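The values are calculated or read from the model by the stated rules, or taken from the named source; none is laboratory data. Keep in mind that this is a model prediction, so the values were computed, not measured. Cβ: placed from backbone, ideal geometry, glycine included. Neighbour counts: every protein chain shown.
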Protein chains: 2
Amino acid sequence: MNYQTVTEALNALRLLEEKQSALSHAMNMIVYDAATAAPKNTALGRGKTLGILSEYMYELIAAPENMEWIAYLHEHEDELTAEEKRRIEMTEKSCQQISRIPQNEYTEYQMLLNDAQTVWEKAKNENDFPAFAPYLEKIVAFNRKFAGYYNPAMAPYDALLNEFEEGMTMDVLDPFFEKLRSAIVPLLEKIRLAEPIDDSFLHRSFPVEKQKQCAEYLMAVLQIDRGYCGLAESEHPFTDNFNNKDVRITTHFYENNLTSALYSVIHEGGHAIYELACDDRYNQTAIAGGVSMGIHESQSRFFENIIGRSEPFIHAVYPEIRACFPEQLSDVSEEAFYRAVNRAEPSLIRTEADELTYCLHVMIRYELEKKLIAGTLAVGDLPSEWNRLYREYLGVEVPDDTHGCLQDTHWSGGSFGYFPSYALGSAYGAQMLAFMKKDIPDFEEKLRVADLADIKGWLGEHIHRHASLYQPSVLFENACGSFDPSYYVDYLTGKFKKLYHI
Amino acid sequence: MNYQTVTEALNALRLLEEKQSALSHAMNMIVYDAATAAPKNTALGRGKTLGILSEYMYELIAAPENMEWIAYLHEHEDELTAEEKRRIEMTEKSCQQISRIPQNEYTEYQMLLNDAQTVWEKAKNENDFPAFAPYLEKIVAFNRKFAGYYNPAMAPYDALLNEFEEGMTMDVLDPFFEKLRSAIVPLLEKIRLAEPIDDSFLHRSFPVEKQKQCAEYLMAVLQIDRGYCGLAESEHPFTDNFNNKDVRITTHFYENNLTSALYSVIHEGGHAIYELACDDRYNQTAIAGGVSMGIHESQSRFFENIIGRSEPFIHAVYPEIRACFPEQLSDVSEEAFYRAVNRAEPSLIRTEADELTYCLHVMIRYELEKKLIAGTLAVGDLPSEWNRLYREYLGVEVPDDTHGCLQDTHWSGGSFGYFPSYALGSAYGAQMLAFMKKDIPDFEEKLRVADLADIKGWLGEHIHRHASLYQPSVLFENACGSFDPSYYVDYLTGKFKKLYHI
């Protein structure tokens, strides 16, 4: 049809957004069920349904008439609000994304990823990198090629980064990681020589039922409205959001690890707080929900580490945690608990790393994937280069590829450019902390009684409510000025020097 | 398009069936999540998504081109298999169903039901039938009218029955219920004079965690593959099936009621056994899954009552149940347990009724809704007529409408003609029992060791595997000959006379 008025064209946009939201909701629901509730052998029927729903999505997004009203709206940009323009921008992006890779290459790539997943799992279990290497080579080659489709004017790795963190480039990340490296590696050296922290009591036996009580308590402390946010169990913790009034977080309880589940609840709780506080007006639009991986991780890691592992917060919540486990924690003081949950110890596995060393794990992946995409590191040399960097940055010897370059699922899943957002998020969070403290003079006092209202208020005002209205960098700058990694470095240095008396 | 070959037209059928299956899967998934896992205030976003998925379903089913290939296939029926013909028949039915009620009346009716649900809940809570009566009047009037759209050649109530049990009419049901009434009402009179059975120990305190263990044990006894069948909790027990390899049942645990959860697991387990044993070939077709409400209830009530409350089965499973609750059941013998779970006691609430009196509750609803639809009973007279029938058939005084004609959700939900399938199912099950015993000479011995393989084998062969390939009456007759309620009456009379020594 020919669009005669802006209202007509905006209605077409709205209709597409609503259908897209509904199809996403349905697909996410099926995937969420698979991870939390579905019996284990039900993948076949789920796959068929997801396939058909994806076709519906494809038909919706790839419909040629979309380009007609998008073109019409571009011609009438002066009549549009900033919000409408951003919705159009994001929608146009999805429409283009779906057609930017030739169909046959896309199909071939999906089949490759499907096979690669199985091969990677087996290779990881059997410490057999050579079995996985040919698949990784092909995945890297595809990503290099796709980067050219995404944005031929950018360096390939920048184009990939942009998929996860709109506007992010190596120009920002290189000095960021360099600054981290030069501060943290020497700090870790000193910690290695300091008095070690005992955290053995965190691995006593903590009955899961009691841990669940504790998790509920922490949800209450985070002031997460359980009427809008579920808490379920899954193999790996994650957050899913169907809309800003229906968010689900998951955790995994281990009897011999008290903090794994509890801190994952706080971490995923941070993601949930973000989604739940997005303004209602953006629901069912192309700008619903959190804006990027990096901003999302800034919220989850802010609550997990900056709040959750802080002295005043532990002062507030430890009595209740101890009350859940009077026997197990009878001999553990508040200070001992605080020190234990912050113990910094170079290790092999990223997902189990502490707050300080975590970003070094991320940095290693950043350096390696940058080179893989640039073609300056051959896949065959990945294990030795991985092991060399672990030695250099973390001072640990990687015993095998299972505990080395085969540990993460990202590359076998085709995600290059994703890892940096983990570290970026932490750094964003530290800068937000500095700015929020200016606005909340009694920040510490509030935290000492676990009163998070002002903190959530500040984040809600500056970050959450805007959903995806602004590009991540714009959103961040509006809240905290230019991104400056010094805040993060200062935060880490200050905290861990004090902790280790160095 | 013009269909040139049968293959082409069958492909169009297949495509529609697959899309219909996928949309159903997605919608059921969202509804299932709502009942089992979703936070309580998440209805709004779910409603929007379900609305849009329903529109997709409507567009799929109501597409005018469907009629083209259906017409083409009708012209070439001699080239089709019986299975293909049935798939076409069922698909044509959905296509016609969606257009048989004028759109404006359908919308008005949906809005009425939506309001009626809220009004009914409030009226039930407040024992205020007059508040609900005007809604019920409108619902009855709509159903009478719709019956004319469904099949103008039939009596309105027969047309409604046919919606739930294809081919069922009052000609079958009237003598069926009359036979039940004339056998059970006098039997109940005798039971009232007999020595009462004590079931008070079933209401001791049974910790839910232990009940869950017991439920798992019963799932194992029923040989339900947990890889394909989930067990979750919900307010009211139900079964949902996404396909024959992904079935979910739910239950509700009450600490002071041992048998509520356990027998609902066996009941829903019966539904699940049916769905799981449908032949793979019917997945994603219009004849996937159980064929009717009545046949489905025949399976659930067969396992719950005929198997689950039988002497030999209880002999087999009671030791394990007692082992779960050694304290609570230490003074309860196998015989006492058997008698307690079969205690027959006229009562007010259908969903809590025992095996013997249950069908009287159903009969009362059948008589009343038949008259409501015929217009020979005014809605205003429903409470007094309800109470009269409870007095006459069950010998109980209804104290108020909350415990009387407001107790069920069916009528406020617009379901007229649904109730009889509960009683029909029980009767089908009793006739199946008689026929299966002929084929399984050591039926009792098998049951005494809870070996259900032959029983499930018989049902699988004669009922389950056929999914919806045959009309329910044809399926039943192929397995057990003409429907004859004597089997059910004989079964009930024999069992309860022996139980009460009368």
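In the stretch A:436-458, the count of residues that are under 30 Å from A:ILE88 (Cα atoms), surrounded by 22 or more Cβ atoms within 10 Å (Cβ to Cβ) and within 24 Å of the chain's Cα centre (by Cα) is zero.
How many residues are in a helix (DSSP H, G or I), surrounded by fewer than 18 Cβ atoms within 10 Å (Cβ to Cβ) and among the hydrophobic types (A, V, I, L, M, F, W, C) when one looks only at the stretch A:184-200? Spell out how you get there, then give the answer.
Narrowing the stretch A:184-200 to residues in a helix (DSSP H, G or I): A:184-193, A:200.
Right, trim to surrounded by fewer than 18 Cβ atoms within 10 Å (Cβ to Cβ) and you get A:185-186, A:189-190, A:192-193, A:200.
Filter once more, so that each one left must be among the hydrophobic types (A, V, I, L, M, F, W, C): A:185, A:193.
Within the stretch A:184-200, residues that are in a helix (DSSP H, G or I), surrounded by fewer than 18 Cβ atoms within 10 Å (Cβ to Cβ) and among the hydrophobic types (A, V, I, L, M, F, W, C) number 2.
Only one of the listed residues (B:HIS203, B:HIS236) is within 25 Å of B:ALA34 (Cβ to Cβ), out of contact with any Lys or Arg (no Cβ under 9 Å at 6 or more places or on another chain) and surrounded by fewer than 17 Cβ atoms within 10 Å (Cβ to Cβ). That residue is B:HIS236.
Residues in the stretch A:453-502 that are touching a Leu at 6+ places or on another chain (Cβ under 7 Å), in the same structural domain as A:GLU311 (by TED's automatic domain parsing) and part of a helix (DSSP H, G or I): A:HIS466 only.
When A:HIS76 is tested against (1) under 28 Å from the mean Cα position of the chain (by Cα); (2) closer than 29 Å to A:HIS466 by Cα; (3) at pLDDT 95 or above, just one condition goes unmet, and that condition is (1). Within the stretch A:250-266, the set of residues being out of contact with any strand residue (DSSP E or B) (no Cβ under 7 Å at 6 or more places or on another chain), touching a residue at least 24 places away in the same chain (Cβ under 8 Å) and either within 14 Å of chain B (Cβ to nearest Cβ) or not in a loop (DSSP other than H, G, I, E, B) (or both) comprises A:ASN257, A:LEU258, A:THR259, A:LEU262, A:TYR263, A:ILE266.
Yes/no per residue for (1) assigned to a loop (DSSP other than H, G, I, E, B); (2) within 14 Å of chain B (Cβ to nearest Cβ); (3) in contact with a strand residue (DSSP E or B) (Cβ under 7 Å, 6 or more places away or on another chain); (4) modelled with pLDDT of 95 or more:
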residue	(1), (2), (3), (4)
A:ARG248	no, yes, yes, yes
A:ILE273	no, no, no, yes
A:PRO312	no, no, no, yes
A:HIS315	no, no, no, yes
A:SER330	yes, no, no, yes
A:ALA336	no, no, no, yes
A:ASN342	yes, no, no, yes
A:LEU348	yes, no, no, yes
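For the stretch A:400-418, the condition of being more than 23 Å from A:ASP490 (Cα to Cα), assigned to a loop (DSSP other than H, G, I, E, B) and of a type in the set (A, V, I, L, M) holds for at least one residue. Take the conditions crowded, with 16+ Cβ neighbours inside 10 Å and either among the hydroxyl-bearing types (Ser, Thr, Tyr) or within 18 Å of B:SER486 (Cβ to Cβ) (or both) and apply them to B:ALA423. Does it pass? Yes: the conditions hold for B:ALA423.
If you take the residues in the stretch A:234-246 that are within 20 Å of A:ARG465 (Cβ to Cβ) and in a loop (DSSP other than H, G, I, E, B), which one is nearest to the other protein chains (Cβ to nearest Cβ)? Talk me through it step by step, then tell me what you get.
Within the stretch A:234-246, the subset within 20 Å of A:ARG465 (Cβ to Cβ) is A:239, A:241-246.
Those still in the list that are in a loop (DSSP other than H, G, I, E, B) too: A:244-245.
Working: A:ASN244: 8, A:LYS245: 6 Å.
In this case the residue turns out to be A:LYS245.
For the stretch B:206-233, filtered to residues that are aromatic (Phe, Trp, Tyr) and more than 12 Å from chain A (Cβ to nearest Cβ), the residue that is surrounded by the most Cβ atoms within 10 Å (Cβ to Cβ) is B:PHE206. Given the condition free of Cβ contacts under 8 Å to residues at least 60 places away in the same chain, aliphatic (A, V, I, L, M) and crowded, with 20+ Cβ neighbours inside 10 Å, answer yes or no: does some residue in the stretch A:322-341 qualify? There is no residue in the stretch A:322-341 that is free of Cβ contacts under 8 Å to residues at least 60 places away in the same chain, aliphatic (A, V, I, L, M) and crowded, with 20+ Cβ neighbours inside 10 Å. Just to be sure, is A:LEU187 more than 19 Å from the chain's Cα centre (by Cα) and not small (Gly, Ala, Ser)? For A:LEU187, the condition - more than 19 Å from the chain's Cα centre (by Cα) and not small (Gly, Ala, Ser) - is met. Here the stretch B:275-310 is the region considered, the condition is being in a loop (DSSP other than H, G, I, E, B) and of a type in the set (Val, Ile, Thr), and the residue that is surrounded by the most Cβ atoms within 10 Å (Cβ to Cβ) is B:VAL291.
Determine, yes or no, whether A:ARG46 is within 14 Å of chain B (Cβ to nearest Cβ) and farther than 28 Å from A:ILE249 by Cβ. No; evaluated as a whole, the condition is false for this residue.
Scanning the stretch B:31-40 for residues that are closer than 27 Å to B:THR285 by Cβ, facing chain A (nearest Cβ under 7 Å) and of a type in the set (A, V, I, L, M) gives no hits. Of all the listed residues (B:THR239, B:THR250, B:THR259), the sole one being out of contact with any Asp or Glu (no Cβ under 8 Å at 6 or more places or on another chain) and polar (S, T, N, Q) is B:THR259.
For the stretch A:35-78, a residue qualifies if it is crowded, with 16+ Cβ neighbours inside 10 Å, assigned to a loop (DSSP other than H, G, I, E, B) and not hydroxyl-bearing (Ser, Thr, Tyr), and the qualifying residues are A:ALA37, A:ALA38, A:PRO39. In the stretch A:1-30, the qualifying residues are those that are of a type in the set (Val, Ile, Thr) and surrounded by fewer than 14 Cβ atoms within 10 Å (Cβ to Cβ), and the one that is farthest from the other protein chains (Cβ to nearest Cβ) is A:THR5.
Taking the stretch A:462-485 as the range and being over 16 Å from A:HIS271 (Cα atoms) and surrounded by 14 or more Cβ atoms within 10 Å (Cβ to Cβ) as the test, the residues that pass are A:LEU469, A:TYR470, A:GLN471, A:SER473, A:VAL474, A:LEU475, A:PHE476, A:ALA479, A:CYS480, A:PHE483, A:ASP484, A:PRO485.
Within the stretch A:159-180, being over 21 Å from A:THR357 (Cα atoms) and crowded, with 22+ Cβ neighbours inside 10 Å holds for A:ALA159, A:LEU160, A:LEU161, A:GLU165, A:MET168.
Yes/no matrix, rows are residues, columns are (1) in the same structural domain as A:LEU13 (by TED's automatic domain parsing); (2) under 17 Å from the mean Cα position of the chain (by Cα); (3) among the aliphatic types (A, V, I, L, M):
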position: A:GLU275; (1), (2), (3): no, yes, no
position: A:ASN283; (1), (2), (3): no, no, no
position: A:GLY289; (1), (2), (3): no, yes, no
position: A:SER292; (1), (2), (3): no, yes, no
position: A:GLU297; (1), (2), (3): no, yes, no
position: A:ARG301; (1), (2), (3): no, yes, no
position: A:GLU304; (1), (2), (3): no, yes, no
position: A:ILE307; (1), (2), (3): no, no, yes
position: A:GLU311; (1), (2), (3): no, no, no
